[in-house]
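What follows is a set of notes on a single structure, which appears directly below.
The values are calculated or read from the model by the stated rules, or taken from the named source; none is laboratory data. Source: prediction; values computed, not measured. Here the Cβ positions follow ideal geometry from the backbone for every residue, glycine too, while neighbour counts run over all protein chains shown. Accessible surface is based on the protein model in full, side chains and every heavy atom, while ligands, DNA and RNA are left aside. Shrake-Rupley method; radii C 1.70, N 1.55, O 1.52, S 1.80 Å.
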Amino acid sequence: MTTLASTGLTLVGVQASDDVQTASIPIDLPSDTYRLLYRVITGPLYPGDLLDISGDARVSNNAGYPSGTRYTVGVGWHLWAYSYTDPARSSGPWWRISQLMGDNVDPTRHHMPLHISTLHRVPDDHPPGHRLAICFRGDAHSTAWKANGGSDVLTVDAGYGQLIVRRWAAVPPTEPEPEPAA
């Protein structure tokens with residue numbers, strides 16, 4: 001079991017985004033066709049920094065509505081990161097930084113909230129001062145995905161989510177104030 005603690009670290013910044021990156025997640029059979037829901041580009045990071053990350057989103061199952069076949073959709077979601085050394089680049093290579101989360105949203109439930117949080121320690125081999133893109137990604141899958149021609153999607157509901165990254169870092173001790181001259 002890995003234990004992470006903020007001992008000796010100070011909260012030095014918080015960044016958040018509520019800009020939904022995609023309006024929908026295509027429903028298919030595989031469980032690894034993720035879509036980007038939210039993204040935060042961090043400030044400069046250093047080895048040993050601790051990122052306290054939390055994200056919320058909401059999806060709606062409108063598969064088959066109004067006149068098609070309604071069915072249950074599996075939803076998976078997780079947090080990922082990639083090096084953001086080139087602002088013109090917008091993806092990968094990616095690595096997963098959270099546990100895998102999943103649930104099913106049936107037509108009766110219709111709306112499903114997604115929540116996730118994790119602590120991620122910036123690794124020792126991270127180039128000092130480089131930034132990361134922290135990404136909240138989701139996938140939609142079902143064995144019934146072809147029921148309506150294979151074009152059903154889960155709606156990512158704007159206004160119901162946010163990705164927050166809190167950076168904890170070692171702060172050098174401050175020098176004591178010099179004694180005033182007598």
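Between Asp19 and Ser117, what FRET efficiency follows from the Cβ-Cβ distance if R0 is 25 Å, with the result rounded to 0.05? Don't skip to the end; give the middle numbers.
Details: r = 19 Å, r/R0 = 0.78.
Working from the Cβ atoms, E equals 0.80.
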Inset, instruction - Quote the FRET efficiency, to the nearest 0.05, computed for Ser67 versus Leu29 with a Förster distance R0 of 30 Å and r equal to the Cβ-Cβ distance. - result: 0.85
Legend entry - Residue-by-residue Karplus 3J(HN,Hα) for the stretch 58-65, coefficients 6.51, -1.76, 1.60, Hz, glycine and proline x: 9, 10, 10, 8, 9, 4, x, 7
Legend entry - DSSP-defined antiparallel bridges as percent of all bridges, the stretch 1-148, nearest 5: 95 percent
Inset, instruction - Express the carbon and sulfur contribution to the solvent-accessible surface of the chain as a percent, rounded to the nearest whole number, probe 1.4 angstrom. - result: 52 percent
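For the chain, what value does the Rg/Rh ratio take when both radii are computed over Cα atoms and Rh is the Kirkwood radius, given to two decimals?
On the way: Rg = 20.4 Å, Rh = 18.1 Å.
On the Cα set of the chain, Rg over Rh gives 1.13.
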Inset, instruction - At 1.4 Å probe size, with every protein chain present, just tell me what the per residue accessible area of the chain comes to in Å². - result: 54 Å²
Inset, instruction - Please state the charge dipole magnitude for the chain, taken about the Cα centre, from unit charges on C-beta atoms (+1 on K and R, -1 on D and E), reported in debye and rounded to the nearest 20. - result: 600 debye
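Mind checking the alpha-carbon convex hull of the stretch 1-83 and giving the volume per residue in Å³? Please report the intermediate quantities before stating the final value.
Numbers: hull volume 12.3 nm³, N = 83.
Enclosed volume per residue, from the Cα hull, is 148 Å³.
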